[in-house]
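Undergrad: Provided herewith is a single structure, encoded as structure tokens, for subsequent inquiry.
Any read-out appearing in this document is the output of simple, stated calculations on the displayed coordinates, not a laboratory observation. Treat the numbers as computed from the prediction; the structure is a model and nothing was measured. Here Cβ is always computed from backbone atoms with ideal geometry, including for glycine, and neighbour counts include all displayed protein chains.
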Amino acid sequence: MINRPDPREVPDFGVWFRENGGRLLNYAQLFVQRKSQAEDIAQEAATKILKAWTDEEKRELIMTSDRYVRRIVRNCYLDYQKVPSRTSGHELEFDEQMHGDASLDIVSSWEVREAILRLPDEEREILFLVFYKDLQIRDAARKLGIPYFRAYRLLQRAKKKSAQLLKEEED
């Protein structure tokens, strides 16, 4: 007989997901270029997390460890890669018809990471907090101990510089 915890005692998965679902998608976007693929991976990760939610130890890890959640997303990405039908030729043809040759515009996640690593520390930190930690600019500013407007200008400068660095790498 399976010992299931009383549902009234288990923290609500829906609350956790509303607070963290965006991070799952952000993590997935680190692995793939196309948003539809990232959404598939994030959805699969959410499903795995929901299945693990009733296990008290796993739930505690999910709620307290970003590393554990990122590992779940990474494993879902690796599983996603194993199934060739997930990236069908028809889907790629449709993308090309709708948006032109997508292969010309793709920037690998490694190129993005390299560009970000070339930024000054403050700019790199604000990009990380806003885009990878999914914080609002105001919260990121608080975390960095700088005024909101400085954080906003810093973020704009970081985005502009990283775009320039990516463009330089293309040429």
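Undergrad: Using the beta-carbon distance between LEU30 and ASP55 and R0 = 41 Å, what value does 1/(1 + (r/R0)^6) give for FRET efficiency, to the nearest 0.05?
TA: 0.95
Undergrad: Stokes-Einstein at 10 °C, 1.306 mPa s, Kirkwood radius from Cα pairs: D for region 120-161 in µm² s⁻¹?
TA: In µm²/s, the coefficient is 165.
Undergrad: Measure out, as a whole number of angstrom, how far apart the alpha-carbon centroids of region 19-51 and region 141-167 sit.
TA: Value for the Cα centre distance between the two parts: 25 Å.
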